[in-house]
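Undergrad: Have a look at this one.
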Amino acid sequence: MAATRYSLTTLVLLSGMAGSQAGVLPEDRADAMYHSYDGGGVEISGPSLLVLKKVGQDVALNANYYVDSISSASIDVVTTASPYSEERTELSGGVDYLHGNSTLSLSYTSSDESDYEANTASMGVSMDMFGNMTTLSMGYSRGWDTVGVNGVAAFSEDTDRQNYRLGVSQVITKDLVLEVNYEGITDEGLLNNPYRQVRYVDAGDPRGYNYTDEQYPRTRTSSALAMRARHYLPWRAAVSGEYRFFTDTWGIDAHTFQLGYTHTFTGGWILDASLRHYRQGAADFYSDLLPFQDSQNFFGRDKELSTFTSNSLGVKLSYDFLKQGWQGIERGTLSLAWDSIWFDYDDFRDLRVVLPASQVGSEPLYSFNANVVQLYLSLYF
Amino acid sequence: MRIDCKRIVKYGLAALLLALGTAAVAATATGPAPDFALKSDSGSNLRLSELRGEVVLINFWASWCGPCRQEMPVLSELHEQYRDMGFTVLGVNVEENSTDARKLLKSMPVSFPVLFDNDSTVSRQYDVVAMPSTVLVDRDGNVRYLHRGYNPGEEADYVEKVRSLIRE
Amino acid sequence: MLRHTLPVMLCALLLSACSSVEPWVKPYERAHLADEIMQFERDPVSGAYITHVYQAREAARGAEGGHGGGCGCN
């Protein structure tokens, strides 16, 4: 089961790497990570490996291997289906080309699981301007997905995606950087999870409700605008703040607020702490319980499209254990990060609580907590 | 909601490529090289005018600047090669705090004298607007050449200019 | 086509005019900006993963990436 809609992990990965300094290629590095997510009945873990290597003077190559091993007994799964296990593998490769003050990046990503295949091609340009105080970035990605259904060989639907990115990074003072990023995304095709179902009031059913397949619009266009700033503090620390506004043609508006603090200790220790608050309004066609079947043209009961908030607390500790280098390795760090996320839904109900038919629609609102752990080794060459 | 961002990005890219004149990597600057005296890594003070009669390559660098670190061994070689013909490389470290620079020099020693411009007075005098910056001063104490930034391979440019200044 | 040519030319003019603006943070003042802790995301593998965790569970997506600051070398 495509437990989650494929998200453009690598896009973030590569856009983050390519543009970090437009006129200079990133440091050679290799990262090996173990990641683990546990929350809401879902357990996902696996490796993420990254290699970034300069080839010659102007070119850097990168490759990433990522796996999600999924064990899902999520609320949707336990109420309408049965727990399952699955594996998703994602491979990507890219190249950065440096020319003067600009970097051109190209990449390709392929993600595979038993019922979902996603392919994405991406390109980006990053330019340093005005004495390297300003960095302008632009990016475009195109994705081709194939959605399947486990056990139904004949089912195959396509989804196409396009992303447009524009960003400006500006040095304000010798201690302050400001960044503004815009991303517009259009999706077309089968946009809902083919397994998920929506419920409607049904007096004829002992539960008081019945299920039917979701019906989503076949297009979605979204815009996100984010602003963030990072300020250096005299004791070799940094503080950052971010706000992002999101809106789309499905009627969803979302706000994301983040605060981060980085502190360094002598001996090569770095501590990062973060707070995140996210809130969104439901999609126009979202409904936890339709008054009757086909009461609207489009309907969905994906909690991801409901009205909810998520609050997170994160801590990361890194240790530089190879300060003097070793053989060809200049530096090595070991990092451990833990994030705890609380999801609280305002219009998605917990159907594990079975109420008499007359009280349908009054089930308690759903909420859960997830813990995310990352353990990774980074070697710099 | 239609986004015109498609167009914005497409035409924005075109506009930028149009506007992107080549940033002056190599420029010909003229005039007498401003004189200065700075403390060197050997402990003693060094004054630029003391080197009158020699061709001087002044390189402004910082320990946190990747391309600067790449350039240093190259300049070290250049210094050794043309030393006897009346040429010297002067490294000017632009950092407020010299600790990181000294640490770097210990692990990556160079053959040329390194001066510490902690107050940034010399950086301002020479209007350093890029890192690294390389200034070539002729035997009469005049600035003849300015090179901004560094990419591996650009030292060939230095060699050419140094040789022509030595022959003058 | 002409509708787009004019704004493009204006952008080009504006940008070339702007290139004569003097950077007010001198390259020798960029020590802090070049420090790795001033990057919004030091570890791309970690950043990408956490973004994926949120994107898979929230409707909002996009505008997470970042660039710039840094040493400004070259």
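The values are calculated or read from the model by the stated rules, or taken from the named source; none is laboratory data. Fair warning: this is a prediction, and the values are worked out from it, not measured in the lab. Reconstructed Cβ throughout: ideal geometry from the backbone, glycine too, with neighbour counts over all protein chains shown. Remember, those area values only see protein heavy atoms, side chains included, never the ligands or the DNA or RNA. Shrake-Rupley method; radii C 1.70, N 1.55, O 1.52, S 1.80 Å.
Undergrad: With an 8 Å Cα cut-off and a minimum separation of 6 or more residues, compute the relative contact order for chain A in percent. Each step should come with its number before you reach the end.
TA: Values: 1045 pairs, mean separation 47.8, N = 381.
Relative contact order, chain A: 13 percent.
Undergrad: Additional query: Just the Cα atoms of region B:124-168, one point each, no solvent: what log10 I(q)/I(0) does Debye give at q = 0.21, 0.22, 0.30 Å⁻¹?
TA: Debye curve over Cα of region B:124-168, log10 I(q)/I(0) at q = 0.21, 0.22, 0.30 Å⁻¹: -0.75, -0.80, -1.14.
Undergrad: Of A:Gly151, A:Thr120, A:Ser71, whose Cα points farthest to the positive end of the dipole of region A:60-167 (charges on the beta-carbon: +1 Lys, Arg; -1 Asp, Glu; origin at the Cα centre)?
TA: The residue sitting most towards the positive pole is A:Thr120.
Undergrad: Hey, got the dipole for chain A? About the Cα centre, +1 on K and R Cβ, -1 on D and E Cβ, debye to the nearest 20?
TA: With only Lys, Arg, Asp and Glu charged at Cβ, the dipole is about 1240 debye.
Undergrad: Still on this structure: Can you send over the carbon and sulfur percentage of the accessible area for chain A, probe radius 1.4 Å, protein chains only?
TA: 59 percent
Undergrad: Compute the long axis of helix A:9-18 from its Cα atoms, compare it with the longest principal axis of the Cα atoms of chain A, and write down the angle in degrees, 0 to 90, nearest 10.
TA: Approximately 20 degrees, to the nearest 10.
Undergrad: Using a Gaussian network model of chain A whose springs link C-alpha atoms within less than 10 Å, name the residue from A:Thr79, A:Thr89, A:Thr247 with the highest mean-square fluctuation.
TA: A:Thr79
Undergrad: Specify which residue in the list A:Ser107, A:Leu49, A:Trp338 is farthest towards the positive end of the charge dipole of the protein assembly as shown, using unit charges on the beta carbon of Lys, Arg (+1) and Asp, Glu (-1), about the Cα centre.
TA: Sorting the options by dipole projection puts first A:Ser107.
Undergrad: Another question, then. Using the Cα centre of region A:174-214 as the reference point, and only Cβ charges (+1 on K/R, -1 on D/E), how large is the resulting charge dipole? Debye, rounded to the nearest 20.
TA: My answer is approximately 240 debye.
Undergrad: Interface size between chain A and chain C, please: total buried accessible area, 1.4 Å probe, rounded to the nearest 100 Å².
TA: Values: alone 19030 and 7160 Å², together 20080 Å².
Separately minus together, A and C give about 6100 Å² buried.
Undergrad: Given 20 Å bins starting at zero, what is the percent of C-alpha pairs of chain A in each, up to the one with the largest pair distance?
TA: Percent of pairs per bin, in order: 23, 57, 18, 1.
Undergrad: Of the options A:Ala282, A:Leu351, A:Gly314, report the single residue whose Cα projects farthest towards the positive end of the charge dipole of region A:281-372 (beta-carbon charges: Lys, Arg +1; Asp, Glu -1).
TA: After comparing all options, I get A:Gly314.
Undergrad: Placing unit charges on C-beta atoms (Lys and Arg positive, Asp and Glu negative, everything else neutral), compute the dipole magnitude of region A:133-192 about its Cα centre in debye, rounded to 20.
TA: I would put it at about 300 debye.
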